[in-house]
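Everything below concerns the one structure shown next.
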C-alpha cells in the first residue's frame, strides 16, 4: 500500500511517499481503506519530533485524523462490520473515564502510525462510526479538532444556555468550539485578526466578535459584551500571548480551556489573578471514545457542517501542511486519498 | 472599643492601636466580643495595599480571622443567640454556590474591617458556630486557613481513599490540607525545608516527606513515592518556584490547587505539560459559608486539633506579623484579645 | 390593600377577597406592586392543606408565582431599585447550594403569604429581576414552573446536544422543560393525550410525540424513536401511573426527574429496574436563586416565549383554578392584577 | 477441569459438579487457576433464573465473585503476567464511564460463566490485580460486594468527613459500605436485627446503631443521632419494607443508594417525600473497572480487612448458598477451590 512516512531520520525532508505491505486484521481488529485525512497543528510539529518527547520510532506514518471504510474484520469483531464508514480514535486506548499516561500516549500520527496510508489496521475498539450525511473530507476532520472542542465545551465545559464563551481564532478547534457552544445555547464571542473571517464566524452563529489586530487590547473591549461580568469560559488557543488578556476577562470562578500554544509555549501570567478570582485552567487533550460517540450523536442530530477550508490531494501533503502553517485558513484543511 | 487600625496612610508604620466607639447591632445583625484572632500571609500584604487592587478605605482594621462571643443580637436574628461562640466568615457575602465578583470581594481584614477589635458587628448571615471543644486561639485559625484547605481538598478536591496528595510546606493552610486529606483517607506527601518540621508533619499523619533543601529536585524524588504514577492532587502553595516541579509530578488528569504565591507571583511554566497531560490548575480563594459549616461538622466529629505554633497578645500584633514573615512557624499564629 | 386569602378555616370555600393594611418595607426589604400572578398545580392543593404537612397559619394569601414592580425600598437595599420589575423567589431562603429543610420550607403561597395581593413586602434577597421583553403575565409564570424545569434540565439534567429527553404532558413545567431541553440541543419527545396539543408542542420544537390515549403502551412506542437506546432523561410529571412505563424506556444509567404527582401520589414500580439498570430518580422542587438568575440570563439571551394559555382577572382566581384543574390548558394560566 | 454448573434445566436441583475441557487463552486472553470464590445474594436467584430476565444459556457456571492466579497468557497480553493474582470483573465489558446496556449485561455468574471452575479464561481487560496482603478467601469477596459498596459510597456517594451515613444490615455490601464510609471520614449508623452483630459492627467503626427488631420505628430513633438533620446518604439494602422509613430519615437533598431487594422487590413509597424534599434515589449495580482499580489502591493503602464469616469447600457450594439464605452471616461467605 501507498503511505506517507517519515523515514531514516526526523525532519520534514524525511517525510516521503513510500510503499508498505498491506496489513491483515488479526483477532479483534478491523482493516480500513482510508478515504480522507485532515490536518492539525500537532501534525506540523511531529516531523521535527517537537511535540512533547514522545518515544516515536521511524519510519512513522504521520497525521492523526482521517476516515475510512471497513473492508475486512478479524475474528470476534462485533462493534463494526464491513462497509461501515468509521473514524479512527486519536487516543487508541482511551475508552472512557479519567485520563492516565497509557490512555494519553497511544496516539495516532505519532507514536502510532497515522492516517496517511491507503489502509489502516486497528483494534475494533479504536474506531467510531460516522454519520451518513457527512462527506469523507468533512468526516476526516472530527477525531482531533472536533473532539477537542467537544471535550472543552461539553465534557469539561459546564456550559448552559446563557453562558458566555470566548473563542480565540477561526482555526479548526475554534470553529467547532463555536458550533458546539451554540448548540448548547451559549453566547459566543470570537476574536480574530481578520474582518472577513469575523464575518464568516458570525454566519456560523458567533454573537459578537473583536478584531485583535485593530483592537490589541481585546480583553478591555469585551467588557461591553459581557456587561462587565466576564466570560464563563474561554477557549484558550493562543497560549503565551493571549493568556494574560484571557485572565483579565474571564469571570471570577470561570474556566480557561488550555488547548493551544500558537503564540508561544510558556504559561506566563500573574498568579494572583488565578488565585484571588478562583479561576480554573483546564488542560484539554482531545478526549475519550465515549465523548467521541456522544459527539457523533449530537452532530448527526443537528446535521452540523464541519467547516473545510481546502482539500488537497494525497500527494500534496506537504503543500497542505505549508498552507496550515501560513494561518490563512478558516476551519479545517483536509486531504483526499 | 480598642482596635488596631491602619490609619492616615497605607504602610506598616500606620498600623496602630486606636479607639473607636462601640458598635450597635442593627436589624439582622449580631455583635461579637472578640476572643482571639489568627494571622494569614494575606495579612502581611494588606498594610502596604499589596494584595490585589482592592478599594479599601482608611482607617481599616486588619486581620481576617478570629473568633468571638455573641453579646447582643439585632431584631429578627434567628441563626445565632447571645452566648454562642462564632467565627466571622472571611467572605461576608458568599453563602453557597459559584463565586462571583461581589461574593469574592466583601472580605474581612480589607476592604471590610477585620478581627483586631474588641467588638465586631456583622450580619447574622456572616458568622458560623464553633465546636465547643476548641479553644479560642484554635477556633480563630479556621475562617481562612482551614476553609481554604477544605475547599481545596474537599469541595474541589475529588479526593478519595487511595488518592495521592502532595502538600507544600508546613504553614497554616498546608497543615489543614494534610489533616483534611488524611480524614478523607488519602495518602499524603509533605515537602518542607526542615527535618524537624517533617518529623512533626509525620506525627500529624503525613505518609511521606521530602526535604526540599537537601533534595532540591524534589519532583524527581517523588517518583518512588507514587510508583511513577504521579500525584492526583497537589496543594500548590509556593507559586512561581514550585509550579514547574509540581507540573512534573502531578499525574495526567491531575489537579493543582493554586493557593499561594510565597516564592513569587508569576505563573511561569511550560504550557505543553498542562495541555498534553490534561492537568487542571484550580485557583482557590477561601470558600463559602456552606463549606465552612460542613467543615465545622467534620472538625467536630473528628475532634480535629488545629496546630497553633505561638500565641501573641493583642498589643503584640506587629511582633506576630514579623514572626509569620520569618517563616519559622509550624502551623498557625494566633492572637489572644 | 386588596388580597385573596384563605381565612377562618381551610378549604376552597374559605378562599375569599379581603383587605389588609398596606405593608411597609423594613431595612433590607423591598415593596412590590404586584402586576400578575400565575398558577401551579400546588396551588390547587394548598387551600385544603393537602400538599405536605406544612405548618401554614391562617389567614394565608395563596399562589406562589407572580411579578411586581419595586415601589419602595428599605434602608440598605442594594440588589434592586425603585422601578425594577422583579419576580419573587418561591424559596425565599434558598440562594444557592444544596437544599436543606429551612431552604425548602420558606415558600410563597404557603406557609408564607403568596402573590394574590396588591402589594408584597419581601427581603431584597428574595427577588430576581425580569427581562424587559417579557409581558407581566409571561414573567409571572417563571418562579415555579420555569425554574422547576430549569433545575430538572440544566442544574441536575446533565443534558448535552444529542441527549434524548422525554417530557410528559403539555402543562406549564412540561413546556418549559421542552423549551430548555431544545436550547441545550437535546432531542425531545412529548407524550400527550391530545393530537392538537402535540401539534402545538411540535411547533415549540418537540422532535417526536406520542398520543398516550391512542397509544397506551407509549413506552414500547418510544423504542423506534430512541433506536432502542432509551431516554437519557425523563421529566416524570405523571407520577404513579407513568412511572412504570418511564422505567421501561429510560436508558441504563439514565435519570428520571421526579416532579409531578398528577396521576397519583405513590411511588410504585419494580425496584429491580432501578437497581440493575442503575437508574437515578431525582426529586426536583423548584430551585435556588442562583439557578433563577442563570435561567433569566438564558431566557433573555434567547428571548424565550413562555406559553400562556389564558389570562384571568384578579377577581376570577377561582375560575382560573377550576380551569387548571380541568387539564384543558396548554402551558400556563396567568392572572392580571 | 472441575466445575459446578446448572445443566439440563434451571433450578437448584440442576446445579451439579461436572467436568469440562480445560480452556486455552486466545490472543489478548488470560487463563486463571481459581483459588477462591465468594457468594452474593444474586447467586441465590440465578439458578431459578430469577434475577431480571437475562438470556443466559445452559449449562452455566454460577457465582460472580472469585480470585485466581494467572497461569497462562495469550499473545499480545500486557496488563498482567503469569503469576499475578487477579480478580475477574463482574462487568466484563465496563471499563469506565457511564453504564449502557452492553456494559451492564456482560456479567459473570450469568449470563457469562462464573467462578466455580478450576480454570477461567477471560480477556486481559476483564481482570484486576489483587493486593498482596489479602488471603485468597478475602480477595474473592471484592468484585461484587466491595465494588458495589465503593460505587455507592465513593463514585456516586458525594461523601466527605462529617457526612452522616446509614447502612442497613451487616451483610457483605453493608460491611464494606461501613468500612469505606469510615475511610472517608463519615459518621456511620448501622441498623441490624441482632445486638451481637451490632457489637461487631461497632468494632469495625460504626458510630451508632439501632436494633430494628427491638426498635421497629428505627427511622424515628435516628433523629437523636442526626440531631434532627437526617442522613446525607442511606445505603438502601432492604428494599420494599425499609424504603418508607429511609425516606423519612434522609435529609432534604440527600441520597438513597438503591442496591438491595431483600425484603421485597417493589418500590412503594409516598412520592411526595421524594419530590418536595428533593431526594435522590440512585440505583447501583456493582461498577466499572476504573472504580475497581481505585478501590484496590484504597484497600491496599489502608490494609482494609474484608470480613469473611465462613469458608466452605468447593464441593459444599449448596451448603454455602443455604447458609447465605439463612441470613445468619456477618459479612461474606467464601469458598476455597
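Readers should treat all values here as calculations from the given coordinates under stated rules, not as data from a laboratory. The model shown is predicted, which means the values in this text are computed figures rather than measured ones. Cβ atoms come from the backbone with ideal geometry, glycine included; neighbour counts cover every protein chain shown.
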0 to 90° range, to nearest 10: angle between helix D:317-326 axis and chain D longest Cα axis: 10
Gyration tensor verdict on the protein assembly as shown (Cα atoms; rounded if a/c is under 1.5, prolate if a/b is larger than b/c, oblate otherwise): rounded
Förster-model FRET efficiency, 22 Å R0, residue B:9 and residue B:102, C-beta, rounded to 0.05: 0.20
Cα coordinate range in segment D:99-158, projected on the principal axes (Å, largest first): 39, 34, 18
Computed over segment C:65-179: relative contact order in percent, which uses C-alpha pairs under 8 Å that are six or more apart: 27
Contact order relative to length of segment A:2-155, as percent, for alpha carbon pairs under 8 angstrom and 6 or more apart: 30
Order of B:95, B:63 - criterion: other Cβ atoms within 10 Å of each residue's Cβ, fewest first: B:95, B:63
Helix axis angle, B:172-183 relative to chain B longest principal axis, alpha carbon, degrees: 70
Residue exposure sequence - C:120, D:1 - by fewest surrounding Cβ within 10 Å: D:1, C:120
Debye intensity ratio in log₁₀ form over the Cα atoms of segment A:21-88, taken at each q of 0.25 Å⁻¹: -1.04
Cα centroid separation, segment D:258-312 to segment D:95-167 (Å): 11
Taking A:133, A:323 and counting other C-beta atoms within 10 Å, the order from fewest to most: A:133, A:323
Cα convex hull volume per residue for segment A:241-309 (Å³): 143
Segment C:230-269 - Kirkwood radius from inverse mean 1/r over Cα pairs (Å): 9.9
Added length on full extension, which subtracts the Cα-Cα distance from 0.36 nm per residue, residue C:81 to residue C:318: 82.0 nm
Where labels lie 7 Å past Cα in the beta-carbon direction, separation of residue D:325 and residue C:217 in nm: 3.5
Segment A:192-337: radius of gyration and largest Cα-Cα distance (Dmax), Å: 17.5, 52
Whether segment A:1-120 is rounded, prolate or oblate, judged on the alpha carbon gyration tensor where a/c under 1.5 counts as rounded: oblate
Chain C: projected area of the alpha-carbon convex hull, averaged over directions, in nm²: 16.2
Test item: A:282-294 mean partner chain Cβ contacts at 10 Å: 4
Sum of -39500 (n - 2.57) over DSSP H runs of 4+, divided by residues of chain A (222 nm, nearest 500): -6500 deg cm²/dmol
Whether segment B:128-213 is rounded, prolate or oblate, judged on the alpha carbon gyration tensor where a/c under 1.5 counts as rounded: oblate
Shielding score for C:95-106, defined as the mean number of other chain Cβ atoms within 10 Å: 6
For a label point 7 Å along the Cα-to-beta-carbon line of residue A:45, residues of segment A:224-250 with backbone N under 16 Å: A:236-243
Mean Cα-pair separation over length for chain C, i.e. relative contact order, pairs under 8 Å, 6 or more apart, %: 18
Chain C: angle of helix C:289-302 to the longest principal axis, Cα-based, in degrees nearest 10: 70
Label point distance in nm, residue C:58-residue A:196, each placed 7 Å from Cα along Cα→Cβ: 7.7
Alpha-carbon Debye profile of segment B:181-259, log10 I(q)/I(0) at 0.17, 0.26 Å⁻¹: -0.65, -1.52
Cα-based Rg / Dmax (Å) for segment B:64-222: 18.4, 60
